[in-house]
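The values are calculated or read from the model by the stated rules, or taken from the named source; none is laboratory data. Since the structure is predicted, the reported quantities are computational estimates derived from the model, not experimental observations. Glycine also receives a Cβ, built like all others from the backbone with ideal geometry; neighbour counts cover every protein chain displayed. The protein model used for the area step is the full one, side chains on, heavy atoms only, and it has no ligands, DNA or RNA in it. Shrake-Rupley method; radii C 1.70, N 1.55, O 1.52, S 1.80 Å.
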Protein chains: 2
Amino acid sequence: MKAFEKAYQMKVRDIKIKDDFWSKIQNLIIEEAIPYQEKVLNDEIPGIEKSHAIANYRIAAGFEEGEFYGMVFQDSDVAKWLEGVAYSLSVTENKELERRADEVIDIIAQAQEEDGYLDTYFLLKEPDHKWQNLQECHELYCAGHLMEAAVAYYNETGKTRLLEVVKRLADHIDARFGQDKEHGIPGHQEIEVGLLRLYNATGIEKYRNLASYFIEERGQNPDYFREEREKRGWIHFDMDPEDREYSQCHAPVREQNEAVGHSVRAVYMYMAMADLAMEMQDESLYEACRRLWDNIVNKRMYITGGIGSTSEGEAFTLDYDLPNDSIYAETCASIAMVMFAKRMLDIEADGQYSDIMERELYNGILSGLQLDGKGFFYVNPLEVVKGVSGEQFGYKHVLPRRPRWYACACCPPNVVRLVTSLGTYAWSEKEDAIYSHIYLGQNVSLNKADIQVESRYPWKGDVCYTVSPKTKDKFTIAIHIPKHAQNLIVTLNGTTVDIEGKMIKGYLYLQREWAEGDKIHIQFDMKTRRVYANPKVRANAGCVAFMRGPVVYCFEQADQKELLQTYRIPSDANMREYLCDSGELEGMMLLEIEGYRLKEQEDLYSEEQAERENVRMTAIPYFAWGNREEGDMRVWMVE
Amino acid sequence: MKAFEKAYQMKVRDIKIKDDFWSKIQNLIIEEAIPYQEKVLNDEIPGIEKSHAIANYRIAAGFEEGEFYGMVFQDSDVAKWLEGVAYSLSVTENKELERRADEVIDIIAQAQEEDGYLDTYFLLKEPDHKWQNLQECHELYCAGHLMEAAVAYYNETGKTRLLEVVKRLADHIDARFGQDKEHGIPGHQEIEVGLLRLYNATGIEKYRNLASYFIEERGQNPDYFREEREKRGWIHFDMDPEDREYSQCHAPVREQNEAVGHSVRAVYMYMAMADLAMEMQDESLYEACRRLWDNIVNKRMYITGGIGSTSEGEAFTLDYDLPNDSIYAETCASIAMVMFAKRMLDIEADGQYSDIMERELYNGILSGLQLDGKGFFYVNPLEVVKGVSGEQFGYKHVLPRRPRWYACACCPPNVVRLVTSLGTYAWSEKEDAIYSHIYLGQNVSLNKADIQVESRYPWKGDVCYTVSPKTKDKFTIAIHIPKHAQNLIVTLNGTTVDIEGKMIKGYLYLQREWAEGDKIHIQFDMKTRRVYANPKVRANAGCVAFMRGPVVYCFEQADQKELLQTYRIPSDANMREYLCDSGELEGMMLLEIEGYRLKEQEDLYSEEQAERENVRMTAIPYFAWGNREEGDMRVWMVE
């Protein structure tokens, strides 16, 4: 693969997912989450945190009287919902929803000021304070999300109204900020990605240049936020402007080596850096992305793909500091990791990115969504303890149940936009090659071919690609083979392919003149694996976790009954896998593991080890935890 | 033993400690800590938290101009220092110190108002707010400490000036609060113990009755603090008056079954309950004390005797919730446990109390004091991790080094008053019997006998009591044999004693007509013990700790070099004990344990366990941790 070779833009409308695993989730999102979130945004759901997000726009547009309500970044909830709606319309036609989305877009357009400014918090509440508090006030963040929504809506529906709005907004921002204009960087990164998508959709270079400015300016003046605060003389959240690592402005981005600070801000920035590196074929910027990627995935990531070890600042902490119970691991951060991985894969097809992508999708992200589509986790713990999680100091953010909505509602619409656009993460297409990053049953229409994928993933390593080429020229289909695949067999039209020499960085490269109906059949075993954490990870010392394929398993009190810390899993424990055929977990592969349990003991401290009792334990996919009776959960079990 | 039989009051002046282990510590306290604390209280030490505590009294007494400075309970630092000075004067004569203490007492006396009121915060800062905020403002707490100081000063020096001050103060309080007067309970318990000691010293029953009122009134109206707050309409700390468990006013004390809330407040209350139960021969109150004792020691206590699992409210949490790294385990709380144990032992000689007393003394309390006597821990962790302890959210209160002083300086003077009066905890004397609770080399003058004790504890189970009886009547000497004693041999004048039938609840009862020079020689083995926590203790699952005699051991990076979580101790590990003959730990018994270490590994998650490397580990007494180079520490090691 030629690094930095231009990748074609993927659109949801070119992909129809038909997958035993994911179609159900996409449908849930479309049938449950999107309508529910629409009602939330319109304040039609009683008994939950009030949103008022659409009302803010209506008031700003002059359609109704009232005051701004909500967080300073409330606008972004509407933008993320619109982005999800845009994708969903390509998954499932829905004229009524589209009409209502058009209406919302119309309101947004009418709320925009003559000069292009658009942020309802400042329009309604502090009109004299615009652009004075980039650190805390999220104007650029909201603008970025609106740009992403506009591009998505344009790509999927062809409609330009919102695109025109964000172009005027981007022009407004561009007129104000830049190298020879007013200096500034966003407190919460997102505008960079938005501008780069807007550039991709419109080809207007000043948007790319402005994104580049915001990326490169970061960290040039580490005191920027302090100076900004002194200059304006007012505060919003009273965030510490000296905590530079929190918002990644401690050093120029090209000099950053460790993932620090607020994990979502960080990875949104890395995404944009990767986008820009690709666009500018900038090797040193890609190098910085790689260093940051390596630091995350090799030292600061939970086995589930979760990132952010502390609730203080929703942030990274230290290498190998990965507490399971006081964890943050925000769903948004795992989603950002998928977006980051996709951008890295567009630059260079490397299995280390796609392996993490599937780790995030099947674990840290999916755990954010209730199986019925009606609840969401913000924080995704690897250990839940009754009386501690959600209750004790240091653990209050760790909820044992998925709420329906949050006052700070970033995660639910983020899950929606990811799942509805999932197909776009599965592929990169370039001049001479098509890259398949994750297994996903679907019909996809690419430039060089239509491909039908049938997949039994993640429960079985059995995926078949049927190719309908659109060109007679030779081209490559490169398919990612997950690192965990055991006993790989690949056949092409029934004939075993000798993969010797065809595997490069986790991708199987098949080049030929493709014929109508050519079938690539990928088969591999996915035996349950015992996984150990690096000895430096204090939280997992003496513990073992289980994975099967990309799926991390966990143990719940719903199956084990007694306190999970009393169970032990011998290093040679017998295990069997079985398909669950009823209840909430129907259709999932579960594990039965033979181990033992330490029996009740009277003394708090004793010279005798507690007596043992042999038990059969059940492990379920981590993403499915918290869907049955409430109780303790843990991923890492004492060996 | 007859429960509730009156015990004679112990005075420090009747006891001369001559003990290889404790004399050094007493001397350090007397030579280092007391003078240092005197300088602190007089603001003569630059670069530390300003105290201003004596200046507050001087200003209130009219000796100088100025304003109150410090916490609302700043007065109590002076009282605790005076109490420690009183004991120290009986340990080591020091006319100059006594003169200066007399001067401080004189200032205190002159600060007292005509009507007996005495609290410099309110005298100087909020004279109109006296007695309005019992929840937050510690007036009764400070009064209680001053009463303890006054009784100690009177007992040890015979001087009555401070005693007269606190009698007037007690009269003032008694005139205000009571069953048929204004209702009230202290936010921080302490006045109860102070009043009961004052009653013991003076025989004035109204002080006992007022203590009884404060004890029994607690929890009768669980809304008391809320009503108090509504009535006064101002706040000091803005503490939540609805958090009734925090200050143990959720239920009448006789109905309390679990140790909840702020651990020092709780145990100060239990101490007073035990005092009152003894005084009133009140079985049901003793029963409540026993239930609370049991709950603490069987479900809510660290192996070191530390109590208080969370820094939020410095409080108890749940049964078996004993995190090692985010622990609170305040030194003051362990000291309170010794005081509680002594009161329970006065009621009934039961080894369960004296075993805990020695566990606290040799571990959770002594760890609060630096080996050079110049630093103090407030929080006593069982696991310290570089970059986490003292730095990350949830761990900021856990310091890796003992500071010299604290803004909230409760622990240092508490250590002083305990260590200087240590001898008084070693004995209970009743009509027909002398009870020895802990081993302590000393000459003690009791009513029935002078006894010389020679002890090689805690490093060797070898203690000899030489008796000089003062009566020809038969009496009993009952000596506590620690639960951990192995292969006990007792001789009386060289002849082995058949202990069959003489052991009752952990005490060896020897009754006879004692002759001058009678020698009781107690010998037992103290082999290193592997200790396991109850399987319900999540923090210690899969881990082992080591004890030898009463001493808990820990592992420090100073010896182990690599990260402590990478070490493993096989269940059949070879061990040897050896006496450290140089450096900071000279004279201490150390352990050498053969185990292995997991070597460096590249991957964050791996299907392979890391390679092993055999290592010899060194364990040191827990109380001595943090005295060498700074680094990680842990008590519980992965087995």
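Assorted remarks:
- Approximating the spin labels as points 7 Å out from Cα along Cα→Cβ, the residue A:50-to-residue A:103 distance works out to 2.2 nm.
- Rounded to the nearest 20, the size of the Cβ-charge dipole of chain B about its Cα centre is 1600 debye, with Lys and Arg at +1 and Asp and Glu at -1.
- For the stretch B:561-639, taking the reciprocal of the average inverse distance between every pair of different Cα atoms yields a Kirkwood hydrodynamic radius of 14.1 Å.
- Average beta carbon contacts from partner chains per residue of A:564-571, 10 Å cutoff: 3
- Nearest-0.05 FRET efficiency for residue A:582 and residue B:584, computed from C-beta distance (R0 60 Å): 0.40
- When the stretch A:376-499 is described by a simple charge dipole with +1 on each Lys and Arg Cβ and -1 on each Asp and Glu Cβ, the residue from A:400, A:487, A:459 located farthest towards its positive end is A:400.
- Within the stretch B:439-481: backbone nitrogen closer than 19 Å to the residue B:513 label point (7 Å, Cα to C-beta): B:448-450, B:467-477
- Taking the Cα centre of the protein assembly as shown as reference, the dipole from Cβ charges on Lys and Arg (+1) and Asp and Glu (-1) amounts to some 2400 debye.
- Selection of trypsin sites (Lys or Arg not before Pro), the stretch B:598-635, meeting DSSP coil and at most 13 other Cβ within 10 Å: B:599
- Hydrodynamic radius (Kirkwood) for the protein assembly as shown, which is based on Cα pairs only, to one decimal in Å: 34.3 Å
- Relative compactness, the stretch A:1-128, computed as alpha-carbon Rg over 2.2 N^0.38 Å: 1.26
- For the stretch A:447-539, the list of GluC sites (Glu not before Pro) that fall in a loop by DSSP and count at most 15 other C-beta atoms within 10 angstrom reads A:500, A:513, A:516.
- Note on the stretch B:454-540: with charges restricted to the Cβ of Lys and Arg (+1) and Asp and Glu (-1), its dipole about the Cα centre is near 640 debye.
- In a fully extended conformation the segment linking residue A:94 and residue A:67 would gain 6.5 nm over its present Cα-Cα distance, using 0.36 nm per residue.
- Share, in percent, of DSSP beta bridges within the protein assembly as shown that are antiparallel, nearest 5: 95 percent
- Fully extended contour minus Cα-Cα distance, from residue A:450 to residue A:110, at 0.36 nm per residue: 118.3 nm
- Between residue A:599 and residue B:31, the C-beta separation translates, for a Förster distance of 45 Å, into a calculated FRET efficiency of about 0.30.
- Rounded percent of accessible protein surface that carbon and sulfur make up, chain B, 1.4 Å probe: 43 percent
- Per-residue mean of C-beta atoms belonging to partner chains within 10 Å, peptide B:315-321: 3
- Three-way shape label, chain B, alpha-carbon gyration tensor, a/c 1.5: oblate
- Table column - 3J(HN,Hα) (Hz), the stretch A:369-379, Karplus curve with 6.51, -1.76, 1.60, x for Gly and Pro: 10, 5, 4, 8, x, 10, x, 9, 9, 8, 9
- Database remark: amide H of residue B:322 closer than 5 angstrom to the amide H of B:538, B:539 (H placed geometrically; neighbours at sequence offset of 5 or more, or on other chains; Pro and chain starts carry no H).
- Contact order relative to length of chain B, as percent, for alpha carbon pairs under 8 angstrom and 6 or more apart: 13 percent
- Across peptide B:598-608, the mean count of Cβ atoms from other chains lying within 10 Å of each residue's own Cβ comes to 6.
- Shortest first, residue A:609 label-point distances to identical copies amount to 1.3 nm, with the label point at 7 Å from Cα along Cα→Cβ.
- Modelled FRET efficiency - R0 30 Å, residue A:226 with residue B:391, Cβ distances, 0.05 increments: 0.85
- Residues in the stretch A:513-538 that, when all protein chains are in place, have 50 Å² or more less accessible area than the chain alone would give (probe 1.4 Å): A:532, A:534, A:535, A:536, A:538
- Given A:11/A:483; A:80/A:167; A:16/A:374; A:80/A:374, the pairs whose alpha carbons are separated by over 21 Å: A:11/A:483; A:16/A:374
- The stretch B:1-103: trypsin sites (Lys or Arg not before Pro) falling in loop per DSSP and having at most 11 other Cβ within 10 Å: B:2
- C-alpha center-to-center spacing [the stretch B:21-87, the stretch B:161-180] in angstrom: 24 Å
- A point 7 Å from Cα along Cα→Cβ stands in for residue A:230, and the other copies hold the same point at 5.0 nm, listed in rising order.
- With the simple spin-label model, which puts each label point 7 Å out from Cα in the Cβ direction, the residue A:523 to residue B:372 separation comes to 7.4 nm.
- Reported to the nearest whole Å, the Cα centre-to-centre distance from the stretch B:240-260 to the stretch A:476-492 is 63.
- Taking the stretch B:483-639 and dividing mean pair separation by its residue count, relative contact order in percent (alpha carbons under 8 Å, at least six apart): 23 percent
- Which of B:541, B:145, B:362, positive extreme of dipole for chain B (C-beta unit charges): B:362
- Cβ-vector label at 7 Å, residue B:130, separations to other copies in nm: 6.1
- By the rule of a C-alpha distance below 16 Å, with chain neighbours fewer than 8 residues away ignored, the aspartates and glutamates paired with residue A:159 are A:83, A:93, A:96, A:98, A:102, A:103, A:106, A:148.
- Extension gain (nm, one decimal) between residue A:287 and residue A:238, 0.36 nm per residue minus Cα-Cα: 14.2 nm
- Heavy-atom surface of the protein assembly as shown, accessible at 1.4 Å and reported per residue (Å²): 35 Å²
- Cα gyration tensor category, rounded, prolate or oblate, for the stretch B:100-181 with a/c compared to 1.5: prolate
- Once B binds A, the 1.4 Å probe can no longer reach about 4700 Å² of accessible area, counting both sides.
- Top positive-direction residue, dipole computed over the stretch A:259-320 with Cβ charges, set A:280, A:303, A:259: A:303
- Cα centroid of the stretch B:107-126 to Cα centroid of the stretch A:266-294, whole Å: 67 Å
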